[in-house]
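Okay, so here's the structure we're looking at.
The values are calculated or read from the model by the stated rules, or taken from the named source; none is laboratory data. From a predicted model like this one, the values you see are computed outputs, not experimental measurements. Positions of Cβ are backbone-derived with ideal geometry, glycine not excepted, and every protein chain shown enters the neighbour counts.
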């Protein structure tokens, strides 16, 4: 497929002509869903409708789950080589179609095309590569004190993904789930569904066996709830708001299925007194506004020494002045619009609350940037002299809003860092690495980044407190989709390994 010069309109046209917009992907086929409901996809840069997609129903979920249940019998006992080869083909196809994915993501949720190309798509591909590589060496069978311990696929998994990183969040779940031997039913966000449809094409073209991967578009109230409640779904993995995570867990509870949740965050960036502010502040501002602030782990609370507050403000303001907010199609744009009207309204509401609370506005504020009369564009906003109890310091805004919070002692700073209901990500900056490590150990968070290290798909990702439970990425990501079976009296280590291999070979051949 030649997509080098493919634009937004041609992507929609191709998907429409191929019938993808009118169908869901079940049991290896593109099929028309039972209901007639549709969702309108909005271009957030123009506020104009660009496509309509068919929405599935609880009946379509049941059909997809049945297909996944049938496929699980063979896929769960397939060889490591078989699963790794599939993941390798998926990885290759994502990279081959990277431009089409980037254009779709820019169109459906407003990501600047440069950011979509450099980050949204490549990091999504990395999750597939890492799942493939980890699969090759994962010990599905170990022998301990006369006991054979097997790790086996948990079963049929329902995957619910959000609109802010639409491809990245899909691959973060699909890659390890397939590596573990699970079969899947994916419900992507109906607000950014185009990249998910392209991904389903990749899965089909990679030769995935029918029923192993299924996609049912739909809203949370029908499709998400049906997945969570279905008795033949063994696990639900959701990335979304804390509210959505609670609803999914409640729906899943009667069938006692495993629920993995990657939810909200209000991540701190704690700048220690010895930090070089010229190296600590600009990357912190960039990280807070990455993806227009629409990241659950964005470090949107910058906690700084009070005596250095004015210097922090000056450097932060200079960093933000380099942002170019505008048409996501432009190569010069660094930040496009937020992804949808509800999010735009939320950001505006929270900026207004910050002003009313008495936080000091040092840049940005209410409304769109100048010369942008249409589109869900927000002004990059920095508040200073924020107090930890303010709403803008406690609530996830999910937009380009940074709160600068001063502190007097490091103990107070750690207390501020931990003073939320969330615990997903955190950052610590300081010249004394030993001191930075000591502070990192005190922060209640699933990840802590010291001095802006490179992102790693091997680092387990997940939250404390109301940021969720379970972990994604790396080895831990695969283990979320595995059950543990202990077999006593199975024989010694050599016999166990040989016997299990023979059993698996026989099952796969059958």
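Considering every residue within region 60-81, establish whether at least one is modelled with pLDDT of 95 or more, touching a helix residue (DSSP H, G or I) at 6+ places or on another chain (Cβ under 6 Å) and within 30 Å of residue 374 (Cβ to Cβ).
no
Please go through (1) over 17 Å from residue 258 (Cβ atoms); (2) in contact (Cβ under 8 Å) with a residue 40 or more places away in the chain; (3) touching a strand residue (DSSP E or B) at 6+ places or on another chain (Cβ under 6 Å) for residue 125 and return the number of the only condition it doesn't satisfy.
Residue 125 satisfies every listed condition except (3).
Residue under question is residue 139, and the condition is that it be touching a strand residue (DSSP E or B) at 6+ places or on another chain (Cβ under 9 Å), closer than 29 Å to residue 482 by Cα and either at pLDDT below 95 or not in a helix (DSSP H, G or I) (or both); does it hold? Spell out how you get there, then give the answer.
On the way: touching a strand residue (DSSP E or B) at 6+ places or on another chain (Cβ under 9 Å): yes; closer than 29 Å to residue 482 by Cα: yes; either at pLDDT below 95 or not in a helix (DSSP H, G or I) (or both): yes.
In short, yes.
Residue-by-condition table, conditions (1) surrounded by fewer than 24 Cβ atoms within 10 Å (Cβ to Cβ); (2) in contact (Cβ under 8 Å) with a residue 40 or more places away in the chain:
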{"residue": "134", "(1), (2)": "yes, yes"}
{"residue": "139", "(1), (2)": "yes, no"}
{"residue": "145", "(1), (2)": "yes, no"}
{"residue": "148", "(1), (2)": "yes, yes"}
{"residue": "161", "(1), (2)": "no, yes"}
{"residue": "164", "(1), (2)": "no, yes"}
{"residue": "171", "(1), (2)": "no, yes"}
{"residue": "175", "(1), (2)": "no, yes"}
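If you scan region 320-335, which residues turn out to be out of contact with any strand residue (DSSP E or B) (no Cβ under 9 Å at 6 or more places or on another chain) and either loosely packed, with under 15 Cβ neighbours inside 10 Å or not in a loop (DSSP other than H, G, I, E, B) (or both)?
Within region 320-335, 322, 330, 331, 332 meet the criteria.
Is there a residue being assigned to a loop (DSSP other than H, G, I, E, B) and either under 27 Å from residue 459 (Cα atoms) or outside the structural domain of residue 40 (by TED's automatic domain parsing) (or both) anywhere in region 56-72?
no
Of the residues that make up region 386-400, is at least one in contact with a strand residue (DSSP E or B) (Cβ under 8 Å, 6 or more places away or on another chain), surrounded by fewer than 20 Cβ atoms within 10 Å (Cβ to Cβ) and touching a residue at least 40 places away in the same chain (Cβ under 8 Å)?
Among the residues of region 386-400, not one is in contact with a strand residue (DSSP E or B) (Cβ under 8 Å, 6 or more places away or on another chain), surrounded by fewer than 20 Cβ atoms within 10 Å (Cβ to Cβ) and touching a residue at least 40 places away in the same chain (Cβ under 8 Å), which makes the answer no.
Among the helices (runs of 4 or more DSSP H) lying completely within region 337-445, list those that include at least 2 residues that are within 30 Å of residue 39 (Cβ to Cβ) and out of contact with any helix residue (DSSP H, G or I) (no Cβ under 7 Å at 6 or more places or on another chain).
341-357
All but one of (1) surrounded by fewer than 24 Cβ atoms within 10 Å (Cβ to Cβ); (2) more than 25 Å from residue 128 (Cβ to Cβ) hold for residue 190; state the number of the condition that does not hold.
Of (1) surrounded by fewer than 24 Cβ atoms within 10 Å (Cβ to Cβ); (2) more than 25 Å from residue 128 (Cβ to Cβ), only one is false for residue 190: (2).
Can you say whether residue 43 is at pLDDT below 95 and within 23 Å of residue 99 (Cα to Cα), as far as the supplied structure shows?
Taking the combined requirement at face value, the residue does not satisfy it.
Mind listing whichever residues of region 108-120 are within 18 Å of the chain's Cα centre (by Cα) and either part of a helix (DSSP H, G or I) or farther than 24 Å from residue 336 by Cα (or both)?
If the condition is that a residue be within 18 Å of the chain's Cα centre (by Cα) and either part of a helix (DSSP H, G or I) or farther than 24 Å from residue 336 by Cα (or both), then 108, 109, 115, 116, 117, 118, 119, 120 are the ones that fit.
Rundown of residues vs (1) under 17 Å from the mean Cα position of the chain (by Cα); (2) assigned by TED's automatic domain parsing to the domain that holds residue 404; (3) in contact (Cβ under 8 Å) with a residue 24 or more places away in the chain; (4) part of a helix (DSSP H, G or I), yes/no style:
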site	(1), (2), (3), (4)
225	no, no, yes, yes
244	yes, no, yes, yes
248	yes, no, yes, yes
253	no, no, no, yes
273	no, yes, yes, no
280	no, yes, yes, yes
283	no, yes, yes, yes
288	yes, yes, yes, yes
292	yes, yes, yes, yes
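Within region 142-167, which residues are under 30 Å from residue 396 (Cα atoms) and not in a strand (DSSP E or B)?
161, 162, 163, 164, 165, 166, 167
Of (1) assigned to a helix (DSSP H, G or I); (2) buried (at least 24 other Cβ atoms within 10 Å of the Cβ); (3) out of contact with any strand residue (DSSP E or B) (no Cβ under 6 Å at 6 or more places or on another chain), residue 296 satisfies all except one. Which?
Only one criterion is unmet by residue 296, namely (1).
Yes or no, residue by residue, for (1) surrounded by 15 or more Cβ atoms within 10 Å (Cβ to Cβ); (2) closer than 11 Å to residue 266 by Cα; (3) modelled with pLDDT under 95:
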position	(1), (2), (3)
411	no, no, no
417	yes, yes, no
427	yes, no, no
443	yes, no, no
460	yes, no, no
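Limited to region 261-271, what total is found for residues that are in contact with a helix residue (DSSP H, G or I) (Cβ under 6 Å, 6 or more places away or on another chain) and part of a loop (DSSP other than H, G, I, E, B)?
The qualifying residues number 2.
Among the residues of region 213-223, which ones are surrounded by fewer than 24 Cβ atoms within 10 Å (Cβ to Cβ) and either within 19 Å of the chain's Cα centre (by Cα) or assigned to a loop (DSSP other than H, G, I, E, B) (or both)?
219, 220
Yes or no, residue by residue, for (1) surrounded by 24 or more Cβ atoms within 10 Å (Cβ to Cβ); (2) over 26 Å from residue 340 (Cα atoms):
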| position | (1), (2) |
| --- | --- |
| 26 | yes, yes |
| 42 | no, no |
| 66 | no, yes |
| 86 | no, yes |
| 95 | no, yes |
| 102 | yes, no |
| 125 | no, no |
